[in-house]
Amino acid sequence: MLMTISLLMENKPGALMRVTGLLSQRGYNIESLTVARTLDPTLSRMTIMVDVDSKLRGQVIKQMNKLINVLQANDLTESPAVVRELVLLRVRSTMEHRTAILKEAEIFGARVVDSSVEGFALEVTGESERLEEFVSVMESYGEIDVTRSGAVAVSLEQKKLRLSPPVSKTGGVVEPVSAPAR
Amino acid sequence: MSNLMSGARILLECLTRENVDVIFGYPGGVTLPLYDAMYDHAIRHVLVRHEENAAFAASGYARASGRVGVCCATSGPGATNLTTGLVDAMMDSIPVVAITGQVSSKLIGSDAFQEADTFGIMRPATKHNFLVKDVKDLAQTVHEAFYIASTGRPGPVLVDITKDVLQAMAHYTPVNEIHLPGYKVVMDGHAGQIRRAAQMIWEAERPFVYAGGGIIHAGAHDELRELVESVDCPAVCTLMGLGGLPGSHPNFVSMPGMHGSYAANMGMTECDLIIALGVRFDDRVTGRLSGFAPHAKVIHVDIDPAEIGKNRAADLPIVGDVKRVISKLTKLLKELEPELAAQNAAARKGWWQKVHGWQAEHPILPSFSPDEIKPQHLMYEINRISDGKAIVCSDVGQHQMWAAQFIRFDQPRHWINSGGLGSMGFGMPSAIGAQMANPEKLVFAIAGDGGFQMSLPELATLVNYDLPVKMIVMNNGYLGMVRQWQELFYNNRLSGVELTTFPNCELLAAAYGMKGRIVRTPEELPDALRDAVNSPGPYLLDVRVTSFENVYPMVPAGSAVNEMVLAPPQPVAVASK
Ligand SMILES: Cc1ncc(C[n+]2csc(CCOP(=O)(O)OP(=O)(O)O)c2C)c(N)n1
Ligand SMILES: [Mg+2]
């Protein structure tokens, strides 16, 4: 079953490898993965869609939370969240189909990002299933090239972010740190 | 305070601040600057004869002392040779910091001489690992490495340092603060959960303590003892937890699991409450999970939340440091005792009778023969000499299981073995580390004739540093543990397990400049052991034991632990090809 994981992690070399290593070491296949830095440039947010036995989802999240570079890992598979994907698509078509293509694009809320005598380049975001429909509709008009971004997700629940405060080398907490909302 | 020094020097300053007194290592091209800085530095360097053994020695040091063990290797082959030792430390949660040299930062990625992707290779081999490419990050990183290795669930951490960083001159400012926002360690267990645990324990009729390596790591042995005495219930310690409760304690049953006693495994099967303390329900302990402790509720205490519910669901999970949790739990148990303890006292008495009955029915007894040395006999004699006090470092195989069965450990950090990874070759190098940490203690290394040869060159290290380790080879002529499985589960078709050539250990010891002796008969065994122990310096004993003994009891793979085989069905002949 496809699991949706949202991760907040330090934007450091190797952090991505630790996360993906944890999955590949268990033989799980990653369907999609997106990562970009957050408002705070020292952090990145990652969304992973991965095929995991539903009984093992909890274990995967716990293992991710154990990674030093991971501030928080959440399982969004069954919790309130918005999941979206972006598709960039080039369709080659003859003149007679141009109007129909634009009509369809409008129905799917796609934008034209390039237009030439050979056809269009279109951009559309939405839920994955809807995007698949869009892709197959476009395919019926001619040869297409598709690039999908992979899913990005945002949780609709307020999740408390617990961060460890600095500790002094001699032991003990240096100063209490309240978790900044990101 | 700030002064100009080389990266190598800064590294040594940081190690000094972490109270490191010894590094087990092997030099090479890119660590030349570090070795140069070590030349006139107070930290001692022990030159092992293979990097894998540097990691094992650091691990033995850590296991025997509770302090962080440090090892060091050069780039490329030096670093890759550390891998097995680090994975071993990972599996057994041992605090080790490994320092590796890396090619200069400008050369990384160019397939430079002795370049290996140490950072990538070590990711799954360590709790965490670092690559330092800027001397400004060095001090902070080294202290973070020690902090991560030694706190929470301990484990190995590797710091890969490029040669230019070791050479660079920089102002050194001591690091006073570590900030790892994503590194969460919960020390105090949830108070409400601990209270509930206390209630569950008094409400149980057949409680059973299942204690493991976590007890040793947390230094919770006194707390464990107090808990077990307050509840007065039977307790088992896993292979990693032996010595957590004194082996001579009346409530101690034995090790549980694949080669555990009948009483330990029946106890697990029949109990109605498992009090699991610093354990991970390893498959070697549980056997077939679906048949494990079918009647029991589980209280599971561990510092690693990922261990809870991983293999067996916990009815009452408590995440926290096992030492803190147990001491609070015992306090609460005592508080609740007047109110709750009486209700099931009769049932608990009956439970003890049952456990004592199992113990009497099928005790694990050594076997003796008048004209040959049985392997169990050897362990029996080592136990007599140790009397619960010696440090015993074991290799992996049949001898390891017999040592665990027959040698008593009354204190923590005295039984040192490769439990999770089961890496042959561990015995002698880990004893080097254990002896370095405890110069005054009697340290035995026990290995099979197979595993002994995997770390054979370390005899030179023993002699080199005059480490009085008593190296005992239980020589059965076979890769005994594998032979046992071939006998029992592969129709005795012995394939690739016979060790037909073995060096003459008297000549071998002499060649290395140490004492050695071959022991062939039961009569000479006690004397030979006593001589080895009484003679100063290292000693090699090659004890010829019977070849075809099997370790029992045994829970066959895929069986429930109560389906254990207690004794050999019949003598089996060796299949001829
Ligand atoms: C590095 C490594 N290789 C292979 C094994 C598999 N293995 C487990 S026990 C064993 C036999 C060990 O033989 P020996 O050292 O003679 O000890 P014995 O079992 O005879 O006491 C082997 C090969 C292992 N545990 N570690
Ligand atoms: Mg052998």
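The values are calculated or read from the model by the stated rules, or taken from the named source; none is laboratory data. All figures in this text were calculated on a predicted structure; none of them were measured in a lab. Cβ atoms come from the backbone with ideal geometry, glycine included; neighbour counts cover every protein chain shown.
Among the residues of the stretch B:135-158, write down those that are within 14 Å of chain A (Cβ to nearest Cβ) and farther than 21 Å from A:Ser168 by Cβ. Correct list: B:Arg153, B:Gly155, B:Pro156, B:Leu158.
A search for C-beta distances below 9 Å between a residue of the stretch A:10-39 that is assigned by TED's automatic domain parsing to the domain that holds A:Val70 and any residue that is among the hydroxyl-bearing types (Ser, Thr, Tyr) and part of a helix (DSSP H, G or I), counting only pairs 6+ apart in sequence or on different chains, returns A:Ile30/A:Thr20; A:Ile30/A:Ser24; A:Ser32/A:Ser128; A:Leu33/A:Thr20. Condition check: of a type in the set (Gly, Ala, Ser) and either within 11 Å of ligand 1 (Cβ to nearest atom) or closer than 16 Å to B:Val392 by Cα (or both). Does B:Ala447 satisfy that? So B:Ala447 passes the test. The residue pairs whose first member lies in the stretch B:472-485 and is closer than 21 Å to B:Pro429 by Cα and within 14 Å of chain A (Cβ to nearest Cβ), whose second member is more than 8 Å from ligand 1 (Cβ to nearest atom) and assigned to a strand (DSSP E or B), and whose beta carbons are closer than 6 Å, counting only pairs six or more residues apart or on different chains, do not exist in this structure. Among the candidates A:Val50, A:Val91, the residue that is surrounded by 18 or more Cβ atoms within 10 Å (Cβ to Cβ), under 26 Å from A:Glu127 (Cα atoms), assigned by TED's automatic domain parsing to the domain that holds A:Arg130 and at pLDDT 95 or above is uniquely A:Val91. Can we say A:Val112 is free of Cβ contacts under 8 Å to residues at least 40 places away in the same chain, touching a strand residue (DSSP E or B) at 6+ places or on another chain (Cβ under 6 Å), farther than 26 Å from A:Leu7 by Cβ and not in a loop (DSSP other than H, G, I, E, B)? When the stated conditions are applied, A:Val112 passes them. Residues considered: B:Arg49, B:Arg67, B:Arg9, B:Arg63. Of these, the only one that is buried (at least 24 other Cβ atoms within 10 Å of the Cβ) and not assigned by TED's automatic domain parsing to the domain that holds B:Leu462 is B:Arg63.
If I filter the stretch B:535-549 for residues that are of a type in the set (S, T, N, Q), within 16 Å of ligand 2 (Cβ to nearest atom) and at negative phi, do I get at least one hit?
yes
Just give me the residues in the stretch B:449-506 being within 14 Å of ligand 2 (Cβ to nearest atom), of a type in the set (S, T, N, Q) and over 21 Å from B:Tyr552 (Cβ atoms), in sequence order. Across the stretch B:449-506, the qualifying residues are B:Gln453, B:Thr500, B:Thr501.
Please find, within the stretch A:135-169, the residue that is farthest from the chain's Cα centre (by Cα) out of those that are within 14 Å of chain B (Cβ to nearest Cβ) and part of a strand (DSSP E or B). Among those residues, the one meeting the criterion is A:Ser168.
Scanning the stretch B:430-444 for residues that are away from ligand 1 (no atom under 16 Å from the Cβ) and either in contact (Cβ under 8 Å) with a residue 24 or more places away in the chain or within 17 Å of B:Val551 (Cα to Cα) (or both) yields B:Ile432, B:Gly433, B:Ala434, B:Gln435, B:Met436, B:Ala437, B:Asn438, B:Lys441, B:Leu442, B:Val443.
If you check B:Gly388, B:Gly397, B:Gly422 for being within 16 Å of ligand 2 (Cβ to nearest atom), surrounded by fewer than 24 Cβ atoms within 10 Å (Cβ to Cβ) and not assigned by TED's automatic domain parsing to the domain that holds B:Glu52, only one passes: B:Gly422.
Residue count for the stretch B:450-481 satisfying the condition of being of a type in the set (A, V, I, L, M), near ligand 1 (Cβ under 10 Å from one of its atoms) and either not assigned by TED's automatic domain parsing to the domain that holds B:Asp387 or not in a helix (DSSP H, G or I) (or both): 3.
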